[in-house]
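Below is one structure, written out as structure tokens; the observations come after it.
Each reported figure results from applying straightforward, stated rules to the coordinates on display, with no laboratory input. Just so we're clear, the structure is a prediction, and the values are computed from it rather than from any experiment. All Cβ positions, even for glycine, are placed from backbone atoms using ideal geometry, and neighbour counts span all protein chains on display.
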Amino acid sequence: MDERLHKHGRFFDVWSKFYRSTLLGRELRRIQRLAVERLRLVPGQVVLDLGCGPGDGAALVSDAGAVGLGLDYSQGMIDSAKQEPQLSGRLLRGDAGRLPFRDGALDKIICTNSFHHYPDHFKALCEMRRVLKPGGLLVLVDPRRDHLFGWAAIDLVENAVFGLEEVRIFSLTQWCQLLGEAGFSDYRATPGGFFSPVERAEVFIEARA
Ligand SMILES: C[S@@+](CC[C@H](N)C(=O)[O-])C[C@H]1O[C@@H](n2cnc3c(N)ncnc32)[C@H](O)[C@@H]1O
């Protein structure tokens, strides 16, 4: 498999050991809860948490009565997610660029703070569109390029300090263009609220397949 994928996988294998205990990890989990609220879950719906990390999003989805599935490339993150009892048998190790689901298999997808790591962003977005049912909902949160903090966190820290030079973030305008080109309809990309600098530097996307 792609060396870029392995590099990001190794980065997250290390981070998985202390992800939840860091200040940033806690803030990302709070933001993830905001994203889960936007899913407007209905019991029985099949929902993928893409780039699930330690499994908190998929667990919240399951707690709401939906079928929460988690997929992540990092084996370390998958191993952490296995600690969540409600995710037993519902975790997959894989790449966002090749989702192991048939066309239209999922009601909803949640993807929080993971997308900028994908080696082929457009391909991953097309995969999300493919595996969603017609009218299915994607809720995605990621740092945005049109905010100084988002740019600094990704382009300076992740690129320069950690050497993850493939990471890429997009402005609100670029996001709307990408979603349209990937075949989504009825989409919107809005900035995060003012609660924290991290949240403000995020884009919140809701898009229908
Ligand atoms: C910052 S963590 C976010 C975890 C969780 N979604 C959250 O909001 O707390 C990013 C996650 O994306 C995963 N990831 C990165 N590239 C991936 C890929 N190509 N396919 C699947 N997962 C990937 C990482 O392994 C990591 O667990």
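Annotation: extensible slack from residue 181 through residue 122 equals 20.4 nm (criterion: 0.36 nm per residue apart, minus Cα-Cα distance). What is the Cα centroid distance between the stretch 35-96 and the stretch 107-175, reported in whole angstrom? When both Cα centres are located, 18 Å separates them. For the chain, relative contact order (Cα pairs under 8 Å, six or more residues apart, normalised by length) works out to 18 percent. With 0.36 nm allotted per residue and the present C-alpha distance subtracted, the residue 22-residue 98 stretch has 24.3 nm of extension available.
Label-to-label distance, residue 171 versus residue 86, with points set 7 angstrom from Cα along the beta-carbon direction: 4.0 nm. Here the label points at residue 13 and residue 42, each 7 Å from Cα along the C-beta direction, are separated by 4.2 nm in the simple model.
Neighbour counts of other Cβ atoms within 10 Å put 111, 52 in the fewest-to-most order 111, 52. Full extension of the chain segment joining residue 190 with residue 33 gains 54.9 nm, where the gain is 0.36 nm per residue of separation less the Cα-Cα distance.
Rg and Dmax over the alpha-carbon atoms of the chain stand at 15.6, 43 Å. The phi torsions of the stretch 36-50, fed into the Karplus equation with coefficients 6.51, -1.76 and 1.60 and a -60° offset, translate into couplings of 4, 4, 6, 6, 6, 5, 10, x, x, 5, 9, 10, 9, 9, 8 Hz, rounded to whole numbers, with Gly and Pro shown as x. Taking the alpha carbon gyration tensor of the stretch 1-40, multiplying each eigenvalue by 5 and rooting it gives semi-axes of 25, 15, 6 Å, largest first.
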